[in-house]
Amino acid sequence: QVQLVESGGGLVQAGGSLRLSCTASGTIASINAMSWHRQAPGKQREWVASIGSGGTTNYADSVKGRFTISRDSAKNTVYLQMNSLRPEDTAVFYCKYSSARYDCWGQGTQVTVSS
């Protein structure tokens, strides 16, 4: 199994930046994908960005150009650098690990953007 621990959320003013981190531990497959998702109050959870073990990245249109996902494989950690934050980015952000055999989610970290 894999365990995920997220950190880095908080309160920031519109236009500000935050960096989220997610560290994986346990039995980590050599081929896997890590992704960030978010869930705003009263809304469904939505995908934000993902990165494969080879480094390929993809982004939701709503964050393209503002958010950057990266990973440090040696530390089993994935990051989400969030710039130019908007009030509509306010949500609980979740990290997800995906492999051929196993998926798991982190506990979530709150991001609040004030106007």
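The values are calculated or read from the model by the stated rules, or taken from the named source; none is laboratory data. What you see is a predicted model, and the numbers here were worked out from it, not measured in a lab. Note that we place each Cβ from the backbone using ideal geometry, even for glycine, and neighbour counts take in every protein chain shown. Quick note on the areas: whole protein, heavy atoms, side chains included, nothing else; ligands and nucleic acids left out. Shrake-Rupley method; radii C 1.70, N 1.55, O 1.52, S 1.80 Å.
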Taking only segment 59-76 into account, find how many residues are modelled with pLDDT of 95 or more and out of contact with any Gly (no Cβ under 9 Å at 6 or more places or on another chain). 10
Would you pick out the residues in segment 10-32 that are open to solvent by 20 Å² or more (accessible area, probe 1.4 Å), under 15 Å from residue 95 (Cβ atoms), among the aliphatic types (A, V, I, L, M) and at pLDDT 95 or above? 18
With the structure loaded, tell me whether residue 48 is closer than 17 Å to residue 7 by Cβ and aliphatic (A, V, I, L, M) or whether it fails that test. yes
Considering each residue of segment 33-53, count those that are under 14 Å from residue 103 (Cβ atoms) and either open to solvent by 60 Å² or more (accessible area, probe 1.4 Å) or in a loop (DSSP other than H, G, I, E, B) (or both), and give that number. 2
Strands (runs of 3 or more DSSP E) (entirely within segment 54-115) containing at least 2 residues that are buried (at least 18 other Cβ atoms within 10 Å of the Cβ): 67-72, 77-82, 91-98, 109-114
